[in-house]
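Below is one structure, written out as structure tokens; the observations come after it.
The values are calculated or read from the model by the stated rules, or taken from the named source; none is laboratory data. What you see is a predicted model; the values in this text were computed from it and never measured. Methodologically, a virtual Cβ is constructed for each residue, glycine included, from the backbone with ideal geometry; neighbour enumeration extends over all protein chains shown.
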Amino acid sequence: MDDLTAFRFVCVMMNAKEAATLAQNTSWVNLSHLNLSFNKIGGQGAAGLAQNTSWANLSHLNLYDNNIGKQGAAALAQNNSWINPTFRFHLY
């Protein structure tokens, strides 16, 4: 799975702790699309995801309907390894 480019884990009730555990994955260096929409990660889960700096190729992150709030959005915005001119957040 080291060459994984897209991961879709939608509507499975993932919580903050599980999102933080997922973010500890450093082998998905080719990951470009991550869709965790319709889960329950909240601001803490988003902050956990933001700790991952090995997903440098990430260009699309979908966290729709996760209630990440300002705390989670701010944490994600601080991750400079993801933010580039083509990066797309889906948070609404």
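Among the residues of the stretch 1-12, the one identified as in a strand (DSSP E or B) and among the aromatic types (F, W, Y) is F7.
Of everything in the stretch 13-54 that is in contact with a helix residue (DSSP H, G or I) (Cβ under 9 Å, 6 or more places away or on another chain) and part of a loop (DSSP other than H, G, I, E, B), the residue that is surrounded by the fewest Cβ atoms within 10 Å (Cβ to Cβ) is Q24. Just one of the listed residues (L63, L22, L49, L31) is in contact with a His (Cβ under 8 Å, 6 or more places away or on another chain) and touching a residue at least 24 places away in the same chain (Cβ under 8 Å), and it is L63. Could you check, for the stretch 78-90, whether at least one of its residues is outside any loop (DSSP other than H, G, I, E, B), among the basic types (K, R) and either at pLDDT 95 or above or touching a Lys or Arg at 6+ places or on another chain (Cβ under 6 Å) (or both)? Taking every residue of the stretch 78-90 in turn, none turns out to be outside any loop (DSSP other than H, G, I, E, B), among the basic types (K, R) and either at pLDDT 95 or above or touching a Lys or Arg at 6+ places or on another chain (Cβ under 6 Å) (or both). Can you tell me which residue within the stretch 55-72, out of those that are within 11 Å of the chain's Cα centre (by Cα) and of a type in the set (G, A, S), is surrounded by the most Cβ atoms within 10 Å (Cβ to Cβ)? That would be G72.
State yes or no: is A6 surrounded by 15 or more Cβ atoms within 10 Å (Cβ to Cβ) and of a type in the set (A, V, I, L, M)? Answer is no for this residue.
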